[in-house]
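Some notes on the structure that comes next.
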Amino acid sequence: MKKYLLTTLVATLLAPTLHGEGDTPFVDKLKLYSHRGGEPVNVALHEIRRISFEDGNMTILLHNEKSVSNPLTSVAKIVFETKNNVGIESILDQKDLRIASSDQGVAILGLPEEQGFPLLVFGLDGGLVHQTSYYRNGEWISTAGLASGVYLIRINNRTLKFKKL
């Protein structure tokens with residue numbers, strides 16, 4: 001079933017949008033890795049209008065109005081690659097970073113001590129809801145102004161997920 005869903009993703013995207021590892025020139029891209037392994041699906045970032053995460057699915061809407069929906073359970077890893085080889089990676093089983101929560105908000109634990117990192121918090125609609133240029137391990141991020149829902153935190157080349165009840 002998982003293989004079928006990833007195959008469907010590849011088949012429904014337009015050929016000019018997909019790029020192999022050896023293609024030139026290099027194009028900024030999103031790479032989807034399956035839990036079953038194999039080659040990742042590559043989607044050119046300039047072709048993506050929006051990515052949403054709703055009802056357990058990841059949906060990619062392209063500028064040509066085509067969309068592809070995939071269950072999150074079939075995605076092992078999502079990587080955003082840019083021309084300067086900086087990647088923003090999301091691993092569903094983050095072992096080195098974890099999120100603590102309280103009435104104050106959320107805090108990220110497991111970052112290198114005595115260093116600050118740029119931090120971005122996004123809603124699942126892709127909108128930026130919070131950012132700071134210098135976040136340090138264990139500092140609290142207030143969630144008081146956020147609506148209930150799922151949010152993504154990007155920090156130190158990683159993406160973490162938390163849910164506000």
query: Would you call Ile78 β-branched (Val, Ile, Thr), buried (at least 16 other Cβ atoms within 10 Å of the Cβ), modelled with pLDDT under 75 and not in a loop (DSSP other than H, G, I, E, B)?
result: no
The residue that is least open to solvent (accessible area, probe 1.4 Å), considering only those in segment 81-102 that are under 18 Å from Tyr151 (Cβ atoms) and at pLDDT below 75, is Ser90
Scanning segment 99-128 residue by residue, those within 19 Å of Leu45 (Cα to Cα), of a type in the set (A, V, I, L, M, F, W, C) and part of a loop (DSSP other than H, G, I, E, B) turn out to be Leu124
Within segment 35-73, the residues that are under 23 Å from Lys163 (Cβ atoms) and modelled with pLDDT under 80 are His35, Ser69, Asn70, Leu72, Thr73
Result of the Cβ filter at 8 Å on segment 50-69, keeping first residues that are farther than 21 Å from Ile153 by Cβ and touching a residue at least 60 places away in the same chain (Cβ under 8 Å) and partners that are open to solvent by 30 Å² or more (accessible area, probe 1.4 Å) and of a type outside the set (A, V, I, L, M), at least 6 apart or interchain, is Val68/Thr8; Val68/Thr12; Val68/Thr59
Flagged pairs (Cβ under 9 angstrom, 6 or more apart or on separate chains; first in segment 125-152, touching a residue at least 12 places away in the same chain (Cβ under 8 Å) and β-branched (Val, Ile, Thr); second surrounded by 14 or more Cβ atoms within 10 Å (Cβ to Cβ) and not in a strand (DSSP E or B)) are Val129/Leu146; Thr132/Glu139; Val150/Leu124
Checked segment 31-62 for anything within 14 Å of Val75 (Cα to Cα), among the aliphatic types (A, V, I, L, M) and not in a strand (DSSP E or B); matches are none
Going through (1) open to solvent by less than 50 Å² (accessible area, probe 1.4 Å); (2) at positive phi one by one, Glu114 fails only at (1)
How many residues of segment 117-160 are open to solvent by 80 Å² or more (accessible area, probe 1.4 Å), at pLDDT 90 or above and within 19 Å of Lys77 (Cα to Cα)? The answer is 0
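The values are calculated or read from the model by the stated rules, or taken from the named source; none is laboratory data. Every value quoted in this text rests on a predicted model; they were computed, and no experiment measured them. Every residue, glycine as well, gets a Cβ built from its backbone with ideal geometry; the counts of neighbours run over all protein chains shown. Ligands, DNA and RNA are excluded from the accessible area calculation, which covers all protein heavy atoms including side chains. Shrake-Rupley method; radii C 1.70, N 1.55, O 1.52, S 1.80 Å.
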